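The values are calculated or read from the model by the stated rules, or taken from the named source; none is laboratory data. Everything quoted here is computed from the prediction, not taken from an experiment. Ideal geometry is used to build each Cβ from the backbone, glycine not excepted, and the neighbour counts take in all protein chains shown. Surface accessibility is based on the protein's heavy atoms, side chains included, excluding ligands, DNA and RNA. Shrake-Rupley method; radii C 1.70, N 1.55, O 1.52, S 1.80 Å.
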Amino acid sequence: MIINREKLKEKLDILVKGWTQKTPMPVLSFLKLDDDTLTISNSMINIMTNIESTNIKALIPFKQLYDIVNKLTAKEIELIQNDNKILIKSGRSKFN
């Protein structure tokens, strides 16, 4: 799936409000990607936002994804799901 970096950055900026670094449950530090919905929770609130359909269902470490998207400069980001991994490609950059 290919998504515009600026659109993804806007969505992640919304979700960062519900993310907490210190959590009693490690799963709450992950972003849930489910087809066309991004969800973050801090055990008291859930924040959801829609994105283009991705056909990907995964939990992604939120902080790592947020930092990667903010540092990339290419206009588009490609997300590829391989078994239990997500490959993030943008320009010449690749992240697992």
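Remarks
- Approximating the spin labels as points 7 Å out from Cα along Cα→Cβ, the Phe95-to-Asn50 distance works out to 2.6 nm.
- Shown here for region 1-73: chymotrypsin sites (Phe, Trp or Tyr not before Pro) in loop regions (DSSP other than H, G, I, E, B) with at most 12 other Cβ atoms within 10 Å, of which there are none.
- Heavy-atom accessible area ranking, 1.4 Å probe, most first, across Met44, Met1: Met44, Met1
- 0 to 90° range, to nearest 10: angle between helix 5-15 axis and the chain longest Cα axis: 0
- On Cα atoms only, tilt of 62-71 relative to the major axis of the chain in degrees: 40
- For region 59-94, the set of trypsin sites (Lys or Arg not before Pro) satisfying both a DSSP loop assignment and a count of at most 13 other C-beta atoms within 10 Å is given as Lys75, Arg92.
- Karplus (6.51, -1.76, 1.60) ³J(HN,Hα), θ = phi - 60°, over region 37-47, in Hz, Gly and Pro reported as x: 10, 10, 9, 10, 9, 10, 6, 10, 9, 10, 10
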